[in-house]
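Single-structure report; data block below.
The values are calculated or read from the model by the stated rules, or taken from the named source; none is laboratory data. The structure displayed is predicted, hence computed values, not measured ones. Cβ placement follows ideal geometry from the backbone for every residue including glycine, while neighbour counts extend to all protein chains displayed. Surface accessibility is based on the protein's heavy atoms, side chains included, excluding ligands, DNA and RNA. Shrake-Rupley method; radii C 1.70, N 1.55, O 1.52, S 1.80 Å.
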Amino acid sequence: MALGAAMSNGTVRVLDSTGKAIATGKPVTAVTGAYGPITLSGTGPYRVEACGNFAGRQRCVWSATNVGGTLHITPLTSALTVLAGGQAADAMMTGTVQGLGDPALATAQTQLRAALAPLLTEAGLAADFDFMTGNLTPASHAGYDLLLDLTDVALNQDGSVPAVRIGSRLGTNTAYLEPGGAAPTPLNLASGAAGFDFTGLDAMAASMITGTANNNVCQASLTPLFDAAGRYNIETVVRTGANAAELLCLRMNGVLGDGEVLFGGKLLQPELDRCDFPSGADPVCRVSFRWLTSKGELRVLGVEQAAVKRPGGWRFLGNRLEVQATATARTRLIRRIDKTAPDNLYRYIDIPIPAASGVQCAVASQKDTNGANAPFAIFKSTGAGTYLSLWSVSLSDGSPSLNAASGVTRGNDIVEVPIANSVGGDSLVRNFVRMGREVRIALYGDIGCSTPWAGADGATISVNMAGTPPLAASSMTALPWPNLVVAGISALSGLKAVANAKISLQSSWTLARGGLTLTQMMLCTDAACGTRLGLMTLPTAATTATLTGTNGASLLDTVTFKQLRLMAINTDGSLMQTDWQSCGTVAAGVACP
């Protein structure tokens, strides 16, 4: 399920102790994940980075060595380099080396082994297994590869302190580690998780990939894969059981949804998120499906989808939840490009909760450091929106109100929860970093948030947030933001058009490193992009694009406010939103209004 799978279209970069590049652009072999040989020169420790494609998304992993030889580059070696080097992975790949000597690597290995002890046992690995050089067979679901299947690794930064969070995909807890920090409670396996059937789950995924090859085979192939309790919906159309496959195929053929025909592209290997093992019931696993179009553009076919292990094998459940809510971390950079001005950085959690029939209120909570549920946002129905809207302090203050009796909704479909650049905002993020990405959503049938909603999944659901917001302003600045090239700056600031005229804008940008998956570009005449002149989807590795559209009813000239927005997915699954703005009449040193 694309967990211990090898990287595709990957390249390797190696730095010596001084920061000199010994190797760049060395290819990674698809399927096996092999790279090299690379001849080392200069002095160690040597830092190694591999960036490429995993399940349709661009990602990077890191490793380090002092002696050469066999060296794995995996999410777990990424964790080791952070723990041994005492700095974020991005910072590690610039300048003179910090840490990463053999004693520091050995200490980090010991720290990581203690956190993973029960999972090492489940994978049949020795207690002193070497994550850098131990035997690894990709996609085998055995040994080291099984350990990668079992773990969900995320790298974070708490101020100046780098950190590693590791979750157990088949367990219930999270391990949080800092360089030289105390040993955390070891990760666990849920009761019933031992001997988990990854191979059978792979087989179901392979059948779905084959069955979505074209419209002629789609419904006949997918129908037997759907569970009798399965459900799938597109907008207000819902199908269950065997009929759910029909709806999915109609979506892919452009009959339902946005009208785009997806056949001709390919279903990517699904990603496994977390599995639940309810007492007396069959195991259920959360999976995400992405589609790569024939143009190399990424489409999300399903988030918070699910598969169930029946006595006869794995079956696809489709939508895991009746109220198909999601949660995604998002960071926004606003940069003025026509004149010099300070950047502005913001962080959010986007929580779209469908306004299902009878749902009037929802309360989102997280685990605090004591393990208790701590509410951080309320959403309410506006009576007109597709989604519940954030309950805010006032019309002039968009901060979340946690008092169900005091506040306002500031419009329809306001799903973003702003995170203050303050101690309180940092504490909110820190809880997710240390306690895990779960967002619990309590649903209510009344606007006062007092009567639990009686839904098929109960009154409380949970989703895992995609990615994690940065912990502090310094962490936001350090993200790998794209940079608009000089020609793109001139094109945006100089764009002119008469009313209702066709427009074309060619833009190019550079990427600070690999690991960003590009998704969308849009041109707007307001900061919220409520008025869009053009919108296009992007190939996942795009660095240039030409956007076409139509101007509105007003003259567009060199002093008109214009904004070019670029959307991308970072390595951890969070969204990065870059807004380049031009506003010629505003003096230098001041952000665009």
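Remarks
- When both the range 510-559 and the range 357-382 are represented by their alpha-carbon centers, they are found 34 Å apart.
- Estimated translational D of the chain in µm²/s (Stokes, Kirkwood radius over Cα pairs; 4 °C; 1.567 mPa s): 51 µm²/s
- In summary, the range 68-115 shows an alpha-carbon radius of gyration equal to 1.10 times the 2.2 N^0.38 Å reference for compact globular proteins.
- For the range 308-365, average projected area of the Cα convex hull in nm²: 8.1 nm²
- Computed from backbone phi, the HN-Hα couplings of the range 180-185 come to x, x, 5, 5, x, 5 Hz, rounded to whole numbers (Karplus: 6.51 cos²θ - 1.76 cosθ + 1.60, θ = phi - 60°; Gly and Pro given as x).
- Residue-wise HN-Hα couplings along the range 453-469, as the Karplus relation 6.51 cos²θ - 1.76 cosθ + 1.60 with θ = phi - 60° gives them from phi, are 7, 8, x, 5, 9, x, 7, 10, 10, 9, 9, 9, 5, 6, x, 9, x Hz; Gly and Pro carry x.
- Note on surface exposure: ASP273, ASP149 rank ASP273, ASP149 by accessible area, highest first, 1.4 Å probe.
- For the range 426-474, the share of accessible area belonging to carbon and sulfur comes to 51 percent (1.4 Å probe, ligands and nucleic acids excluded).
- 1.4 Å probe accessible area per residue over the chain, in Å²: 40 Å²
- Cα-Cα over 27 Å, subset of LYS295/LYS496; LYS295/LYS502; LYS309/LYS367: LYS295/LYS496; LYS309/LYS367
- Cα→Cβ-extended label distance, 7 Å offset, between ALA203 and ALA591, nm: 5.5 nm
- Accessible area of SER140 in the full protein assembly, 1.4 Å probe (Å², nearest 10): 50 Å²
- The largest-to-smallest principal axis extents of the Cα set in the range 242-300 are 43, 26, 15 Å.
- Heavy atoms of MET92 accessible to a 1.4 Å probe, total area in Å² rounded to 10: 0 Å²
- Along principal axes, Cα extents of the range 44-142, largest first, whole Å: 39, 36, 24
- Helix-only [θ]222 nm of the chain, DSSP H runs n ≥ 4, -39500 (n - 2.57) each, per residue, nearest 500: -5000 deg cm²/dmol
- Applying 0.36 nm per residue to the separation of VAL255 and ASP282 and subtracting their alpha-carbon distance, the gain on full extension is 6.3 nm.
- The range 262-308 and the range 7-74 have Cα centres lying 29 Å from one another.
- The heavy atoms of PHE432 present about 0 square angstrom of accessible area, all protein chains included, probe 1.4 Å.
- Surface composition of the range 103-208: carbon and sulfur atoms hold 56% of the protein heavy-atom accessible area at a 1.4 Å probe.
- From the C-alpha gyration tensor of the range 253-400, square roots of 5λ in Å: 32, 25, 18
- At least 27 Å along the helix axis (C-alpha) and Kyte average at least 0.0, DSSP helices within the chain: 102-122
- Rounded to the nearest whole Hz, the Karplus-based 3J(HN,Hα) values (6.51 cos²θ - 1.76 cosθ + 1.60, θ = phi - 60°) of the range 339-349 follow the sequence 9, 5, 7, x, 6, 10, 10, 9, 10, 9, 10, with x at glycine and proline.
- Where the alpha-carbon atoms of the range 452-593 are placed on the principal axes, they occupy 55, 37, 32 Å, in descending order.
- Rounded to the nearest 5, the antiparallel percentage of DSSP beta bridges internal to the chain is 90%.
- Protein accessible area in the range 265-346, 1.4 Å probe - carbon and sulfur %: 48 percent
- Summed residue charge, Cβ within 15 Å of LEU116's Cβ, Lys/Arg positive, Asp/Glu negative: -3
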